[in-house]
Structure formats: C-alpha cells, structure tokens
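Inspection log for the structure reproduced underneath, given as structure tokens.
The values are calculated or read from the model by the stated rules, or taken from the named source; none is laboratory data. Quick caveat: nothing in here was measured; it's all calculated off a predicted structure. As a convention, Cβ positions derive from the backbone with ideal geometry for all residues, glycine included, and neighbour counts pool all protein chains shown.
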Amino acid sequence: MFGGLESNLRGRNAAEWTHPDDSPHVWKLYEELVRGEREHYRVEKAFYRPDGTVLWTNLTVSLLRDADGLPQYQLALMEDTTERRLLNLRLRYEATHDALTGLPNRTLFFERLEKALAAGENARFGLCYLDLDGFKTVNDSLGHAAGDRLLVEVADRLQSCATAPGVMVARLGGDEFAALTTGPDTETEVDELAGRIMNALAAPIRVDGRELTVRGSIGIVEGPAGERGAAEVLRSADITMYRAKSAGGNRYEIADPEADARVITRHGLTTALPAALERGEFFIEYQPLVHLGDGSVRGAEALVRWLHPQHGIIGPDRFIPLAEHTGLIVPLGRWVLEESVRQARLWESRTQGGADAAPLRVNVNLSPMQLTHPGLVSDTVDILEREGLAPGALCLEVTESALIGADDDLLKPLRRLAEMGVDIALDDFGTGYSNLANLRRLPVSVLKLDRSFTQGMQHFPADPVDLKIVEGIVALAHSLDLAVTVEGVETGHQADQLRQLGCDTAQGWYYARPGPPDQLHELALADAVG
C-alpha cells in the first residue's frame with residue numbers, strides 16, 4: 001500500500017505519519033487511546049507514500065492492554081480507499097461542472113451562492129446573470145456544433161474576467177452564465193465585473209471561418225447577505241436580465257425591487273387566469289354611448305373586469321395582454337360576447353313596451369387573436385340565435401392597429417358578420433398609420449376616434465388644429481356612410497364642440513363612468529347635453 005519495503009516502515013514512530021489533510025481531532029483521538037482513555041477509534045486518514053503520492057485510507061485503531069490493564073499495544077487495521085476517493089472526487093466534479101465548458105454548473109453555483117448568502121454580518125454579494133442575445137440564430141443557422149464552440153469561447157472569456165479572489169463564473173445551462181463576487185465592496189465590484197464581461201464579449205468570435213458578433217444581456221443583483229434566499233436572488237437576476245433584453249440587449253440592468261414585484265405579480269396573474277375564468281371571477285361593466293344630437297342613450301360598450309381574490313378589481317389593460325399571450329383571450333372573449341349579448345337582450349325586453357324606445361346596442365371588443373380564430377363567425381351566430389338578439393343590436397370593435405395591412409383572409413370573417421347585419425367599429429382610429437383610402441375596403445360602419453383627439457378640446461378655446469383634424473375625419477367618414485363615435489368626453493365644452501363638428505355618438509365620464517347594466521335605464525342625461 002505504501003509502495004515501499006517492509007524495512008522502510010518498521011521502526012517508525014506513529015507520530016511521523018502526520019499529513020496536512022489530517023483533521024485536528026485525529027491526533028487527539030490517538031493521544032486519548034495511548035493514555036488508555038478510549039478503546040478504539042476510526043477515521044479517514046491520508047498518508048504520504050515514499051514517491052510523494054497520497055494514500056487515502058479508512059483507519060481503525062484498537063487498544064490492547066497488558067495483564068494489569070495498562071495500555072501496551074495498538075492494533076491498526078488499514079483499508080486503501082485511494083481509488084474510491086478519486087472516483088468520488090471525479091463523480092463530484094462531473095456532477096458540479098459543465099461538461100462542455102468545464103465551468104461550475106448550476107448545482108455548484110447554487111451551493112456557492114447559498115454559502116455567500118449565509119455569511120456573517122456585514123457580508124455582501126454581487127451577482128451578474130448573463131444571457132446571450134440571438135444565440136438560437138447561431139444554432140439554427142450554423143448548427144449545434146458551431147453553437148457549442150461559441151459557448152466554449154464565451155466561457156473562456158468570462159473566466160478571464162474572474163481573476164479577482166472570491167469571484168466565481170458558472171454556466172447555468174444553455175446560453176446562460178452567472179458570475180458571483182463576494183466581499184465588503186461588491187456594489188462597486190459587481191458593476192466593474194459586468195463592464196469587463198461586456199468588454200470581453202465585444203470582440204467577434206471566429207467559428208467555422210465566420211466572425212460572429214456576440215451580444216449579451218446582464219441582470220445585476222447586489223446586496224447584503226442574509227436578507228434573501230438563493231432562489232429569490234436568482235429570480236430577481238433573471239427578471240432583471242430580461243428587462244435588459246427587452247430594452248434592446250447588449251447592456252446590463254441593476255435589479256429594482258419595484259420592477260421585480262410588477263413582473264412577479266404579472267406572472268401570478270398569468271397563472272391564475274385559467275382558474276379565474278372557471279371560478280367566475282370576471283364581470284362586465286357598461287359605459288353608455290350617447291347620441292350627441294338628442295342626448296339619448298343608444299347603447300353601451302362592454303368592458304370586462306377581473307375581481308381578483310387578492311388584488312381586488314383589475315382593469316383590462318392589465319390582464320387582456322396576458323390573456324392574449326396565453327391564448328386564453330379566445331374563451332374569455334367568447335364569454336364576454338355571450339354575457340354582453342344576453343344583457344342586450346334583457347335591455348330589449350325591458351324597452352319593448354315603450355312607444356319611442358329604440359333597441360340598445362352593445363359594443364364588444366375583439367382582440368387580434370380572436371380575429372384570426374376560425375370559430376369567430378360561427379360562435380357569434382350561435383350566441384345571437386341562442387339569445388334571440390338581432391345582429392343589428394351588436395357592434396364588434398376592432399382596433400385600427402389590428403387591421404393595418406389586413407389581407408382578404410383576415411377581413412373575410414368581418415365581411416360575413418357585416419353582411420349579417422352586425423356593425424363593425426374601427427376602434428382607436430387615428431393612432432395607427434392606416435391609409436385613409438383603405439377605409440373603403442374595410443367592412444366597418446363606425447369610426448371610433450381615439451381619446452387623444454378630445455384632449456385638445458378640454459379648455460377654451462380649443463386647439464384649432466385638433467378641430468380641423470376632427471372636422472376632416474368626420475367629413476370623410478360621413479362621405480363613406482360611416483358613423484363617428486368619440487371616446488374620452490369629460491366636459492360639456494368637449495361635448496358641444498364635438499356636436500358642432502358633426503360627430504354622431506360619444507362616451508366618457510361626462511356622461512357616465514362604466515358601471516352595472518341597470519344604470520343605462522337610470523341615467524338622466526338631459527342636463528348633460530342641454
């Protein structure tokens with residue numbers, strides 16, 4: 001085991017077998033056994049071989065006493081565990097290091113981060129979380145082998161940035177890397193580290209005869225140890241990195257607790273959306289549409305709300321984009337259409353006895369994803385027939401931006417609905433870049449001017465440019481047999497100006513805020529337009 005002759009071992013004192021890797025209690029146990037204070041002990045111990053290599057052993061030492069019970073001999077049993085230890089070290093290395101780049105992997109980085117966060121008082125940490133911009137394009141265009149060579153070169157450059165004591169660079173997976181620094185002045189060090197990383201990536205990398213420009217987005221988290229756990233720190237770094245990426249990439253951003261909270265809340269809302277629809281947490285408020293000529297209520301726009309168990313009432317501007325992103329907008333939009341059509345039928349049944357009562361029309365918003373859904377026409381027809389509502393009592397609002405450059409395939413469902421008698425309104429008109437001549441080919445019957453046009457009319461005298469623009473749009477719309485609705489009317493002065501300009505209907509807080517459906521029959525609007 002020692003690689004030497006028996007004569008080299010005989011006669012040596014046990015105390016000569018010390019090794020730098022001995023734990024302090026090994027020789028304490030030995031001394032207790034020699035004094036007769038213990039009968040045996042077992043330890044893992046290293047020995048030097050004559051050639052300088054290390055022999056690792058499991059060592060069991062027992063005490064043999066003489067006839068009087070005094071310590072006389074030691075009996076040592078030694079098992080060579082060198083190869084087993086080397087294998088374990090190798091397995092540990094492979095389990096904690098990335099096979100491609102040789103950098104520490106997520107497991108080891110997480111262990112080191114936890115240790116840094118558990119350090120004593122006054123300890124601080126700094127973390128750079130890097131994701132390469134456009135790496136998927138390299139893999140797709142040049143192949144995964146080229147992508148691997150690119151990652152190896154990036155790893156080498158990152159390693160060259162981590163020369164200071166206490167700095168660790170790791171590959172967390174894919175094209176994600178992290179650098180951790182600890183010490184009393186990490187606030188300055190982590191900024192400098194991020195700058196070195198960006199500089200290191202600036203030079204092109206040559207792969208398969210091509211020079212590839214490498215860009216990266218970095219999220220920085222820095223702070224005192226002991227306040228957050230490793231998972232929370234990594235989540236904050238990940239959120240911050242994506243903030244840098246959404247700002248154009250090739251930059252770094254510093255974590256902001258308020259921004260983190262918004263992202264976490266948005267994620268929570270996204271995951272809660274499907275169950276919210278099943279549990280009936282959505283409800284609809286209606287904002288009246290008022291005829292500018294006689295002040296009568298002609299209908300209302302349906303505006304969906306979410307009554308969240310923790311966050312209270314949430315407006316559509318917060319959850320509709322999330323529903324679009326997840327695809328839930330289709331079943332949610334169908335539910336809104338069903339509820340709105342059912343409500344319009346209730347309004348109709350209540351006003352059928354009146355001599356001059358006109359049916360109240362309901363306006364329902366359609367998202368871009370709903371426009372492309374193959375069931376749009378059939379769902380609308382089924383809902384109208386099931387509830388017994390005439391198509392003319394329904395208006396579907398589509399944003400101008402959704403119809404910019406729309407081809408015939410996209411317009412075909414809208415044309416079929418318009419031919420049935422359903423009104424189509426072009427919502428937020430004036431915010432996009434559509435050619436006014438295209439209005440002739442769109443199956444719309446109503447233009448809804450964006451509220452930005454009414455803002456210039458809040459004060460007297462009104463902005464003459466805004467007046468001319470609105471006047472021109474109204475003249476164009478009427479020449480094409482389109483009605484004009486204006487959003488965001490907040491003052492009587494605005495209402496008077498819009499009536500003089502020839503606008504047909506309006507909605508806004510001047511008339512009523514969005515509310516329950518019964519308010520349409522309770523509004524006294526004569527004074528508002530008088």
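Remarks
- Some residue of region 351-358 being over 26 Å from R441 (Cα atoms) and among the polar types (S, T, N, Q): yes
- The condition (being of a type in the set (S, T, Y), buried (at least 19 other Cβ atoms within 10 Å of the Cβ) and modelled with pLDDT of 90 or more) is satisfied by just one residue among T181, T82: T181.
- Among residues of region 207-247, those that are among the polar types (S, T, N, Q) and surrounded by 14 or more Cβ atoms within 10 Å (Cβ to Cβ), counted: 3
- Residue match in region 248-260 (condition: outside the structural domain of V446 (by TED's automatic domain parsing), touching a Leu at 6+ places or on another chain (Cβ under 9 Å) and exposed (fewer than 13 other Cβ atoms within 10 Å of the Cβ)): no
- Region 405-492 holds helices (runs of 4 or more DSSP H) entirely within its bounds, and those carrying 1 or more residues that are at pLDDT 90 or above map to 408-420, 464-479.
- From the list F2, F47, the one residue that fits, being part of a strand (DSSP E or B) and modelled with pLDDT under 90, is F47.
- Residue count for region 1-30, restricted to those that are of a type in the set (K, R) and within 15 Å of A76 (Cα to Cα): 2
- As for region 87-97, it holds at least one residue that is basic (K, R), surrounded by fewer than 11 Cβ atoms within 10 Å (Cβ to Cβ) and within 60 Å of the chain's Cα centre (by Cα).
- Spans of strands (runs of 3 or more DSSP E) in region 151-270 with at least 1 residues more than 26 Å from the chain's Cα centre (by Cα) and of a type in the set (D, E): 210-212
- Within region 126-147, the set of residues being surrounded by 14 or more Cβ atoms within 10 Å (Cβ to Cβ), within 28 Å of the chain's Cα centre (by Cα) and part of a helix (DSSP H, G or I) comprises F135, V138, N139, G147.
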